[in-house]
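Worksheet: one structure, shown below.
The values are calculated or read from the model by the stated rules, or taken from the named source; none is laboratory data. Predicted model, so just to flag it, every value in this text is computed and none were measured. Cβ coordinates were reconstructed from backbone atoms using ideal geometry, including for glycine residues, and neighbour counts include every protein chain displayed. Surface accessibility is based on the protein's heavy atoms, side chains included, excluding ligands, DNA and RNA. Shrake-Rupley method; radii C 1.70, N 1.55, O 1.52, S 1.80 Å.
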Amino acid sequence: MKIKISDNWKFINDYKPSYLNELPKNMTKVNLPHTVQEVPYNYFNEECYQFVSTYYKEITLKASDLKDHTILLKFDGFMLKAHLYLNNNDLGKFISGYLPLEIDITKYLKVGKNSLVVILDSKEDKTIPPFGLVVDYLTFGGIYRDVYLDIKPTKYIKDLYASGDMHGNLHIMYDLSENVTNNFKINYKLYFGKELVKEFTNNEIKLTNFRLWDTDVPDLYTLVATLTDEGIVDTLSTRFGFRTAEFTTKGFFLNGNPLKLIGLNRHQAFPYVGYAMPKNAQEEDAYILKKELGVNLVRCSHYPPSNYFLDKCDELGLLVFDEVPGWQYIGKDSEWRNNFYDFITRMVYKDRRFTSIIAYGVRIDESRDDHELYRKANEIVHTLDPYKVTTGVRNFKTSELLEDVYSYNDFSCASTTHGLDDPKTVKTHNMPYMVTECMGHMHPYKPFDTYEWRLETTLRYAKVIDDAYKYPAINGVIAWCAFDYNTHKDFGAGDRICYHGVYDMFRNEKMTSAIYKSQQDEYPFLEVLSNMTQGDSCAAITGYLYCATNADYIELYRDKEFINKFYPDKADYPYMPHPLIKIDDFIGARFNEKMSEKDAKRMKLAINYVATNGYGKIPGKLFRGVLLVALHNHLKFSDFYSLYGKYIQSWGDSIANYNIVAYKNGKEFARKVIGPSLSWHLEAKTNTPIIYLDGSYETSRISIRLVDQNGFLAVYNSEILNLKSIGQIEVIGPTTVNMVGGQISVYVKASEVGKGTLIVTSKDEEIKLNIQVKSL
């Protein structure tokens, strides 16, 4: 019986030896997950959370809990080191970081009240990965994942792992408590939902009638194991799916079918509270990646994530690249290296049960070669989980390969015309190849950057994805990264933020996200990457109008006048499933001047060229065409200027409205209006209108945007919002916030059943959102 004990803790942000004898009276009541120090959104010193703090938990047990039971204390994660005391007994010092800790505390417990004291050291430590050098992310302090009591029989199953392949082969591995005799028996029951599929005793069987797990239909089975030994019975269950993941020199195959892996890297940090976010927030990240962005792979950079996140990946069909903690630095001393081996072992034991995981990253991210370190790391993984492959991320092309897959961070994208290097330029040792980072610092993008900067970043992402499909040998491309994140003073934009995400830190979309969303076919998508505002571009030249969409084609109208049809740009993006659609004609069928068809074509080409490129460098062929038009029709320069103003617009003219209608299979499925912003209003929505509690607290995210009458985001808005919570919800972080690039999200939390209301007030508007809080 596993009992969550994440509620009703006490906390103080310091430690004195006297606390072991008498706790201070000014301790604060907290629930887990918990951060030792809330931080601002940006501009703060990362040393502010690096101190020693004290947590206290009172655990009440009945006689029946202790009789003939083993009781395990389980921490899912704390940062970084903890010294534990139970009923004044010194349990020892332990390292967690990103990995769970399990301790047998049976002999220290008593009937009634038990006192657990956790002395938590959240300072960086060079003997523990990822530390050694300065790290490009923050490692926020706190008991930031859940804590449990696991009440087991005196003999029990410690771990259960089931791996099924596309042919119906089921392989089972387990670990038992050390006191189990040689006469034990294990019986298995396999369920699909509530239906009993099979009962058996062998650790390997083959099914003939079963459902596959894949990215579209992630069917999961439940295996229940029952241990019997000398009259003692224990059961343990695990979920898994039947699937085969194969990395090859010709690409990646899932269940024998080719699948280009398109993914993003993810940091688990959130605004204000760092790592300390509960189940709902962890699950939503998986949902955003799979269902909103439409990617099929996530890399857990650069450490193992929450089990809540991985469980959701299993349920959604989001493939996972798991990774050992680390960043660039390899320690030479035995303490650092032994910690690394320990982390590898604990990572596999923690995560091998997840079907979504298709690879373990067993190298320190972007580290140098180290034959002995990585030879042993691969050996550990292949012993504990022989059914998944290993890989490791490097940032150079000529590395030793000890893993199953060669992974490389390809940051060669320096323009909109080159996304990735040819795999032939990488020394892959004739082994499968994957790109594990690209973009990121090559063109960082703040939500409030200029239109031209935002567009160029977006076009670079498009070229990266197109090149991913161009080269069959590239198994997958995982761009850097999904969400903006806080970082050390030595990285990012100087305000403690790396603006490398296709979403911001509040989990709100940036323009770059449209490239990923347009590649999926699960829902209709159309995003116009400009609102045609002249003054947002240099020399008032708006350039080409790009649409990210999964439509077959679009129609463009100026007000109600039809201009032209436009199709996916297979010239610039010949390989990606849904190329951008580039609008380079703003005249089309509207042109009605009295001249020959050939001259009309020449004139339209010239006007459209100037509209999208400016007057500066008109190509010679185009210029000669204009001279012929002038000669044939007796036109002066002022006539050309008048025609430009008539069909496009001149500086000082009113901006026209354009209508874009997208079609799929001959039917309209989306439309957008592009034009000047005339009015603005707040819109707000919550991802979780009903919060379900399962001990401790849960959260809901409310996304707030300032948009114009056409739904375009007010990107340059930084308006102040006042937040007020009523009832059973509480705002996480400050209650007065600024919009960031015209939008922000507010996280609220609840720990008691009831109703809550968030009131959002701007200078002009007030919005109320109601949230219900229920028990599971």
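For Lys424, the lysines whose Cα falls under 22 Å of its own Cα, not counting residues fewer than eight places away in the same chain, are Lys250, Lys260, Lys397, Lys463, Lys470. A full extension of the chain between Leu627 and Asp14 corresponds to an added length of 212.6 nm, given 0.36 nm per residue minus the alpha carbon distance.
Here segment 681-739 is assigned +1 on the Cβ of each Lys and Arg and -1 on the Cβ of each Asp and Glu. Its dipole about the Cα centre then comes out at about 60 debye. The share of accessible area on segment 295-362 that comes from carbon and sulfur is 44 percent, using a 1.4 angstrom probe. Residue by residue, segment 173-186 carries 3J(HN,Hα) couplings of 10, 8, 10, 10, 4, 5, 8, 5, 7, 6, 9, 5, 10, 10 Hz when phi is fed to the Karplus relation 6.51 cos²θ - 1.76 cosθ + 1.60 (θ = phi - 60°); x denotes Gly or Pro. Within straight-line reach of Lys489, meaning a Cα separation under 22 Å, sit the following lysines at least 8 residues removed in sequence or on another chain: Lys123, Lys126, Lys446. The charge dipole of the chain, taken about its Cα centre with unit charges on the Cβ of Lys, Arg, Asp and Glu (plus for the first two, minus for the last two), comes to roughly 980 debye. For the chain, the longest principal axis of the Cα atoms and the long axis of helix 597-613 meet at an angle of about 50 degrees. For segment 372-454, the share of accessible area belonging to carbon and sulfur comes to 54 percent (1.4 Å probe, ligands and nucleic acids excluded).
By accessible area, using a 1.4 Å probe on protein heavy atoms only, segment 525-670 has 54% of its surface on carbon and sulfur. 3J(HN,Hα) along segment 680-694, derived from phi through the Karplus expression 6.51 cos²θ - 1.76 cosθ + 1.60 where θ = phi - 60°, amounts to 9, 8, 7, 10, 9, 8, 10, 6, 9, x, 10, 9, 9, 8, 9 Hz, with x in place of Gly and Pro. Annotation: amide H of Arg299 within the under-5 Å range of Leu264, Asn265, Arg266, Phe321, sequence separation 5 or more or interchain, hydrogens built in the peptide plane. In the chain, a dipole from Cβ-located charges (positive for Lys and Arg, negative for Asp and Glu) runs towards its positive end, and of Leu545, Gly92, Met166 it is Leu545 whose Cα lies farthest in that direction.
What the phi angles of segment 739-745 give under the Karplus curve with 6.51, -1.76 and 1.60, with θ = phi - 60°, is a coupling list of 4, 10, x, x, 7, 6, 10 Hz, glycine and proline written as x.
For segment 208-360, with only Lys/Arg (+1) and Asp/Glu (-1) charged at the beta-carbon, what is the dipole magnitude about the Cα centre, in debye rounded to 20? Write out the running numbers ahead of the final one.
Details: 17 positive and 20 negative charges, 100 e Å.
Dipole about the Cα centre, nearest 20: 480 debye.
Using a probe radius of 1.4 Å on heavy atoms only, what accessible surface per residue do you get for the chain? Whole Å² is fine. Write out the running numbers ahead of the final one.
On the way: 31650 Å² over 776 residues.
Heavy-atom accessible area per residue stands at 41 Å².
What's the local net charge at Asn339, with K and R +1, D and E -1, over the other residues with C-beta under 14 Å away? Present the calculation step by step, with values, prior to reporting the outcome.
Values: positive: Lys81, Lys93, Lys126, Lys332, Arg337, Arg346, Lys376; negative: Glu124, Asp125, Asp333, Glu335, Asp342.
With Lys, Arg at +1 and Asp, Glu at -1, the net is +2.
A dipole drawn for the chain from +1 and -1 charges on Cβ atoms has a positive end, and of Tyr360, Gly727, Pro689 the residue lying farthest that way is Pro689.
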